[in-house]
Amino acid sequence: MQGAPAYPFPSVGSNSAGMVVSGPDMSMGQQREASTAIGSFGDFTLAPVSPPGAQQLSQWPSGISDEQLAGRVAEIIATTDLMTITKKQVRQQIMAYFGMSSDEEKARREHINQCITTELEMRQASA
């Protein structure tokens, strides 16, 4: 393979059947694709990782963390008649309490619903 950088490991690709092939079994296109993919790793940067137990900063406009949402959901469920409240009403209370925009609520709706479900399951298991 001309023009490809010399790596201390063989070039690897896959054939049309999805089988892994390497070295002389690779077509020129596969060799070019493998060398391009390997060479492009330099374009990526790693995101910083917080150490275990470190508090995550909120990336949401309201500044409210997922943990704060879960805590407020637990408070609402603990003080509300569960036979009369809906998930939508819980979400509305969350929005009012934290001053959260409707756009942010829509973006976080799945997470809030999961918090509600988790809290209800915990309460049912302890009953």
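The values are calculated or read from the model by the stated rules, or taken from the named source; none is laboratory data. This one's a predicted model, so the numbers in the text were calculated from it and none came from an experiment. FYI the Cβ positions are ideal-geometry reconstructions off the backbone, even for glycines, and counts take in every protein chain you see. Note: accessible area is taken over every heavy atom of the protein model, side chains too, but ligands, DNA and RNA are not part of it. Shrake-Rupley method; radii C 1.70, N 1.55, O 1.52, S 1.80 Å.
Listing for the model above:
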{"item": "Of the criteria (1) at positive phi; (2) open to solvent by 50 Å² or more (accessible area, probe 1.4 Å); (3) at pLDDT 85 or above; (4) within 24 Å of the chain's Cα centre (by Cα), which one Gly99 fails", "result": "(4)"}
{"item": "Within region 68-86, considering residues that are surrounded by fewer than 14 Cβ atoms within 10 Å (Cβ to Cβ) and either in contact with a His (Cβ under 8 Å, 6 or more places away or on another chain) or of a type in the set (D, E, K, R) (or both), the one farthest from Ile116 (Cα to Cα)", "result": "Asp81"}
{"item": "Breaking point among (1) in a loop (DSSP other than H, G, I, E, B); (2) within 26 Å of the chain's Cα centre (by Cα), for Ile85", "result": "(2)"}
